[in-house]
Amino acid sequence: MEQKVRELIKRQLHDWSAVSENYAALGRVQLREVELDQSLVVLQYNPQRRRSTAAKVDEASLKARPCFLCRDNQPAEQEAVEWGSTLKYKIQVNPYPIFSQHLTISALEHSPQSMMKPQRFVDMLELARLLPDFVVFYNGPQCGASAPDHFHFQAGNRDMLPLCFEVLDDSLWPMEQRIEGDDHGFIAFSNALGRNMFFMRTTEELIAQLYCVRLQVAMYEAYGDAEPMENILCWHDGNEFFVVVFPRRAHRPDFYGEGDGKMLLSPGAVDMGGLWAVPVEDDFNRLDVDTVRNVYDQVCIDNAGMIKIIDNYFKR
Ligand SMILES: [Zn+2]
């Protein structure tokens, strides 16, 4: 499967001129770094991402537009690799990249963005194992997804995401912050990187599935028996599975917008992972550590919310 995906990327970047231009432009973008606690946030001035950041995701707007993840509405040049056993997906090159290799993995059927089927976690982990150079990620319907009406994961080369390196530091996960564990791995929580998160690592795929589903149920209950607001990032290094879950409390910061002290920021999993695609040049230049911290504080769950989820996890 990895080989098929590599060939797909190569073919699309060669044959589809609009997209090869977008990837070439990504190679020339301005970057800037901001240090937040023990973590790094890489800012990427990326005007192409405006369509995603500024996407209207209310029900009326979604109904009024043709869904860009449905095959019938996609350009003739856009190819797909089909994948999946129980649930079926098409793997495609994302035409508006943040990563130098950026994939969209969407359901074949037009069906809502939701992680409330355990099979979704099974699929996410398997995708990560099959694509070891990639981080597979998921944006909840009110947490950065620009097509919340059509189920999709995304994936990008993980060497571009600071979080994938930072979480490997064992000092972030002292024993008293571990929720569950065995000889093969653990699930833990931390806010040492300036935002609350759950982290799991294990060599065992079944244990990884178990941690993911248990956490999802604990979050479901903490969100009042509703689909939790969340971003999920997941990868496999050839030996271990790594999953990071960010429970969210807001879709966008209260200064979301353009002009007059506002900024066009709509954080999703990649932003949670420490790579911010900023579509407005003025925002890119103005962003500093205080603003970065403020955005994470506003959109990530607070400590009380974390405690609630952890209590629910232990109750089960
Ligand atoms: Zn669709």
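Bear in mind that the values in this text are calculations on the coordinates, not laboratory data. Being a predicted model, the structure only gives us computed values, none of them experimental. Methodologically, a virtual Cβ is constructed for each residue, glycine included, from the backbone with ideal geometry; neighbour enumeration extends over all protein chains shown.
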- Query: With contacts defined as alpha carbon pairs under 8 Å and 6 or more residues apart, what's the relative contact order of the stretch 2-315 in percent?
  - Reply: 21 percent
- Message: Taking 23 Å as the cut-off for C-alpha to C-alpha distance, list the pairs among Lys90/Lys117; Lys56/Lys262; Lys262/Lys308 that go past it.
- Response: Lys262/Lys308
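For a protection proxy built on the mean count of beta-carbon atoms within 10 angstrom, sort 85-92, 165-172, 261-268 highest first, please. Please report the intermediate quantities before stating the final value.
Values: 85-92: 16.6, 165-172: 13.9, 261-268: 20.0.
Taking the mean over residues of other Cβ atoms within 10 Å, the ranking is 261-268, 85-92, 165-172.
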- Note on the structure: Restricting to Cα pairs under 8 Å and 6 or more apart, the percent relative contact order of the stretch 168-316 works out to 22 percent
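Starting from the Cα gyration tensor of the stretch 93-241, multiply each eigenvalue by 5, take the square root, and state the resulting semi-axes largest first in whole Å. All intermediate terms of the calculation are to be shown ahead of the outcome.
Working: eigenvalues 110, 73, 44 Å².
Calculated on Cα positions only, the semi-axes equal 23, 19, 15 Å.
Does the chain come out rounded, prolate or oblate by the C-alpha gyration tensor, with a ≥ b ≥ c the root eigenvalues, rounded set by a/c under 1.5 and, if not, prolate when a/b is larger than b/c and oblate if not? Mind dumping the intermediate values first?
Working: a/c = 1.43, a/b = 1.17, b/c = 1.22.
Rounded.
Output the peptides 151-157, 187-193, 47-53, 301-307 sorted from most to least packed, where packing is the average of other Cβ atoms within 10 Å over each peptide's residues. Display every interim value, and only then the final one.
On the way: 151-157: 22.9, 187-193: 20.6, 47-53: 17.9, 301-307: 14.9.
The packing order, highest mean first, is 151-157, 187-193, 47-53, 301-307.
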- Message: Among DSSP bridges having both ends in the chain, what percentage is antiparallel? Round to the nearest 5.
- Response: 90 percent
- Among the aspartates and glutamates, select those whose C-alpha is under 20 Å from the C-alpha of Lys10, and discard any that sit fewer than 8 residues away in the same chain. Glu2, Glu21, Glu77, Glu79, Glu82, Asp133, Asp159
- Task: Please identify the cysteines of the chain that lack any partner cysteine with a Cβ under 4.7 Å from their own Cβ.
- Result: Cys143, Cys164, Cys212, Cys234, Cys300
- In a Gaussian network model over the chain where Cα atoms closer than 10 Å are linked, find which of Asp183, Asp282, Asp123 has the largest mean-square fluctuation. Asp183
- Query: By how many nm would the segment from Asp58 to Glu281 lengthen if fully extended, with 0.36 nm per residue of separation less the alpha-carbon distance?
  - Reply: 77.7 nm
- Cα centroid distance between the stretch 270-316 and the stretch 142-216, in Å? 14 Å
- Task: Would you mind working out the magnitude of the charge dipole of the chain relative to its Cα centre, with +1 at each Lys and Arg C-beta and -1 at each Asp and Glu C-beta, to the nearest 20 Debye?
- Result: 760 debye
- Using modelled backbone amide H atoms (1.01 Å from N, in-plane), which distant-in-sequence or interchain residues come within less than 5 Å of Asn94's amide H? His102, Leu103, Thr104
- Query: With a 10 Å Cβ neighbour count serving as the proxy for reagent exposure, in which order, fewest first, do Lys10, Lys308 appear?
  - Reply: Lys10, Lys308
